[in-house]
Amino acid sequence: MKQLFILIFILSNLTFAYEFKLNSKDLKLINNHPKKKFIEARLKKFADLKKEVKSFELIKKLSHINTFINKSFPEFDNNSYEIDDYWATPKEFLISGHGDCEDYAIAKYFTLLELGIKKENLYLSIVQVKNERGLHMILLYSENRNSSPLVLDNLSFRVIPLNKRTDLIPKVAFNEIDSYTLDNNKFIKKVNIDWQGDNKWEKLLNRVYKLNE
């Protein structure tokens, strides 16, 4: 029974392993795109970067990925996809070369997974930016949920602890395993997020892992 449990656990992990890999639909889209050369150059730089940073120490790896992804152009969803609040997959984001805050955070999340960072250390986080309307999404790296996590944010090229980002008011953090309320210093309490009938995170995971979009 123990051996069976171990086998199931291993197979489960393999099923949900992430790899940035273009399929035939992606290649057709790129080949027919008027900016094909720019897309191919961006994807080559992305592939080269992942090879370069693979052996880097943690903070240097986080900083390089944050900087590269942040170089993409910001654009609201209703301009890119003609709907509000669309969560793009990493491939959609990197092929298009633009997106909004959640697209940056999602691309960083999956890129760092591909580079060997554990899922339990990475959290997407919804925050309020002081003196700004609406909500914002960032990526957090948390080694210890009792200490302030590191912030990867498209509004900044600096990767620093959340307690030094006095402009941010954190609301909730989540990944594929669990979700928490938090403040600037630590994770507080495990919670279930009310997606109000539209769980964009679950839909995104399905598109990334099962549909290879």
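The values are calculated or read from the model by the stated rules, or taken from the named source; none is laboratory data. A quick note: this is a predicted structure, and the numbers were derived from the prediction, not measured. Here Cβ is always computed from backbone atoms with ideal geometry, including for glycine, and neighbour counts include all displayed protein chains. Remember, those area values only see protein heavy atoms, side chains included, never the ligands or the DNA or RNA. Shrake-Rupley method; radii C 1.70, N 1.55, O 1.52, S 1.80 Å.
What to note about this one:
- Filtered residue count, the range 108-128, keeping only those that are closer than 20 Å to ARG165 by Cβ and either modelled with pLDDT under 95 or assigned to a helix (DSSP H, G or I) (or both): 4
- Qualifying residue in the range 73-96 (condition: modelled with pLDDT of 95 or more, surrounded by 17 or more Cβ atoms within 10 Å (Cβ to Cβ), touching a His at 6+ places or on another chain (Cβ under 7 Å) and not acidic (Asp, Glu)): no
- Among the criteria (1) in contact (Cβ under 8 Å) with a residue 24 or more places away in the chain; (2) of a type outside the set (Phe, Trp, Tyr); (3) open to solvent by less than 60 Å² (accessible area, probe 1.4 Å), the one ASN199 does not fulfil is (1).
- Taken over the range 128-140, the criterion of being farther than 20 Å from LEU204 by Cα and either open to solvent by less than 40 Å² (accessible area, probe 1.4 Å) or not basic (Lys, Arg) (or both) is satisfied by GLN128, VAL129, ASN131, GLU132, GLY134.
For every residue, the table says whether it meets (1) at pLDDT below 95; (2) of a type outside the set (S, T, N, Q); (3) within 30 Å of ILE30 (Cα to Cα).
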| position | (1), (2), (3) |
| --- | --- |
| ILE177 | no, yes, no |
| ASN184 | no, no, no |
| PHE187 | no, yes, no |
| GLN196 | yes, no, no |
| LEU204 | no, yes, yes |
| VAL208 | no, yes, yes |
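- Residue match in the range 156-166 (condition: in a helix (DSSP H, G or I), among the aliphatic types (A, V, I, L, M), within 27 Å of LYS44 (Cβ to Cβ) and open to solvent by 10 Å² or more (accessible area, probe 1.4 Å)): no
- In the condition set (1) out of contact with any helix residue (DSSP H, G or I) (no Cβ under 6 Å at 6 or more places or on another chain); (2) of a type outside the set (Val, Ile, Thr); (3) touching a residue at least 40 places away in the same chain (Cβ under 8 Å), LEU122 is compliant with all but (1).
- Every condition in (1) open to solvent by less than 40 Å² (accessible area, probe 1.4 Å); (2) assigned to a strand (DSSP E or B) holds for LYS189 except the one numbered (1).
- Flag for ARG207 being open to solvent by 20 Å² or more (accessible area, probe 1.4 Å), in contact (Cβ under 8 Å) with a residue 24 or more places away in the chain and touching a Leu at 6+ places or on another chain (Cβ under 9 Å): no
- LYS44 meets each of the listed conditions (1) open to solvent by less than 60 Å² (accessible area, probe 1.4 Å); (2) over 22 Å from LEU211 (Cα atoms); (3) of a type outside the set (Asp, Glu) apart from (1).
- When ASN212 is tested against the conditions (1) under 22 Å from LEU113 (Cβ atoms); (2) open to solvent by less than 50 Å² (accessible area, probe 1.4 Å), the lone failure is (2).
- Hey, LYS54 touching a Gly at 6+ places or on another chain (Cβ under 8 Å), among the charged types (D, E, K, R) and surrounded by fewer than 22 Cβ atoms within 10 Å (Cβ to Cβ) or not: yes
- All positions within the range 173-186 that are within 13 Å of LEU124 (Cα to Cα) and either open to solvent by 20 Å² or more (accessible area, probe 1.4 Å) or among the acidic types (Asp, Glu) (or both): GLU176, ILE177, ASP178, TYR180, THR181
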